[in-house]
Amino acid sequence: MALDRRAELGEFLRSRRARLKPEELGLPDYGGRRRVPGLRREELARLAGVSVDHYVRLEQGRTLHFSEAVLDAVARALRLDDVERGHLYRLARPYTEPAGAPAPEPQGVRPGLRRLLDSTADVPVYVVGRYTNVLAWNDLAAALITDFGALAPAERNFARMVFLDEGMRSLYADWRGKAADIVGYLRLDVGRHPGDPAAAALVEELSAASPEFREIWAEHGLKEKTHGRYVYRHPVVGTLDLGFETLRLPDDPDQALIAHTVEEGSPSHAALRLLAATHQSVSVR
């Protein structure tokens, strides 16, 4: 069963209304206690320059045929960033995939990309596909994060590992931040493939198994991971402060290559070299 796009749209808009404060937007404060935080629907509609009924129909998902002008106005009023705006458009516009279309084929990594991973032995590199599935990796990535090759293919999924594997909680210095990033990344993917039942199944599985996942998923955070950093607490070499760069494949945007970087001469560089020295071969499945 696919996720309910209309429900997702309403929850997303309500979450974005809740984070806005009327006084910050120049709206009068008539006193009294609000039943819910943030802007009321009528206040948001006024800021967007649309009728209250029009906005209510959007938030309730009564139809998915709103004009670009209306969506732009609502996005501006909600102060959405580019990633959030794109997500709103995907949820609020008609989905073009025909009903009954087959589920996407299992993803594979082309030989040239595997050879690229083979040739990159001094930094951790891996490829992530739909719904945070790990498709390929070099040996240093396995040494840093987990032995992907020892896992069943269905378990090579970052969302499952981060929320269901206790070892991941001790690996990341800021586990909560990593978990929020994973959920935000997953939600973007779900928005790109709203008709894929595999997405709904993963969200349902994690919601049932992890209270933390349910809590973070309900926040409707979004994360397009282009670059950043994570601090690892590795059981063998200690603390590693590593940057990362994410490259989407031009001919397959559902696959992303993530490469860690480290400042030369830093303690983390020395720790990474020590880790690499004990794992010289490349293992990609």
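Details
- Size check on segment 194-285: the Cα extents along the three principal axes, sorted descending, read 46, 36, 25 Å.
- Candidates ASP165, ASP139, ASP189, ranked by Gaussian network fluctuation over the chain, Cα under 10 Å, top entry: ASP165
- When a 1.4 Å probe is rolled over the protein heavy atoms, the share of accessible surface on the chain that falls to carbon and sulfur comes to 52 percent.
- Annotation: per residue accessible area for the chain equals 50 Å², rounded to a whole number [probe 1.4 Å, protein chains only].
- Choice from GLY184, GLY26, GLY167 showing the highest fluctuation, given a GNM over the chain with Cα pairs closer than 10 Å: GLY26
- THR239 accessible area, 1.4 Å probe, all protein chains in place, Å² to nearest 10: 90 Å²
- J(HN,Hα) series, segment 153-160, from Karplus relation 6.51 cos²θ - 1.76 cosθ + 1.60, nearest Hz, glycine and proline x: x, 5, 8, 7, 9, 5, 4, 4
- Solvent-accessible ranking of TRP137, TRP217, largest area first, probe 1.4 Å: TRP217, TRP137
- Cα pair count fraction exceeding 12 Å, expressed as % - segment 211-256: 74 percent
- Potential lengthening between ASP118 and GLU24 on full extension [0.36 nm per residue; Cα-Cα distance subtracted]: 28.6 nm
- Dividing the convex hull volume of the alpha carbon atoms of segment 94-203 by its residue count gives 123 Å³ per residue.
- The relative contact order of segment 200-245 comes to 24 percent, based on Cα pairs under 8 Å that sit 6 or more residues apart.
- Listed residue (ALA154, ALA7, VAL236) projecting farthest to the positive dipole end of the chain, Cβ model: ALA7
- Most mobile of PHE163, PHE244, PHE213 in a GNM of the chain (Cα contacts under 10 Å): PHE244
- Centre-to-centre separation between the Cα atoms of segment 111-126 and those of segment 212-285: 14 Å.
- Largest accessible area first, the listed residues SER268, SER119 line up as SER119, SER268 when surface is computed with a 1.4 Å probe on the assembled protein chains.
- Remark: segment 127-173 projects, on average over all directions, an area of 3.3 nm² (convex hull of Cα atoms).
- Extreme residue, positive dipole direction of the chain, given options LEU113, ALA92, ALA270 (C-beta unit charges): ALA92
- Global geometry of segment 179-219, whether rounded, prolate or oblate, following the gyration tensor of its Cα atoms and the 1.5 cut on a/c: oblate
- For the chain, the alpha-carbon radius of gyration amounts to 1.14 times the rule-of-thumb value 2.2 N^0.38 Å expected for a compact globular protein.
- Estimated distance in nm for a label pair at GLU263 and LEU64, the labels positioned 7 Å out from Cα along Cα-to-Cβ: 4.7 nm
The values are calculated or read from the model by the stated rules, or taken from the named source; none is laboratory data. Computed from a predicted structure; not experimentally measured. Cβ: placed from backbone, ideal geometry, glycine included. Neighbour counts: every protein chain shown. Surface areas here come from the heavy atoms of the whole protein model, side chains and all, with no ligands, DNA or RNA. Shrake-Rupley method; radii C 1.70, N 1.55, O 1.52, S 1.80 Å.
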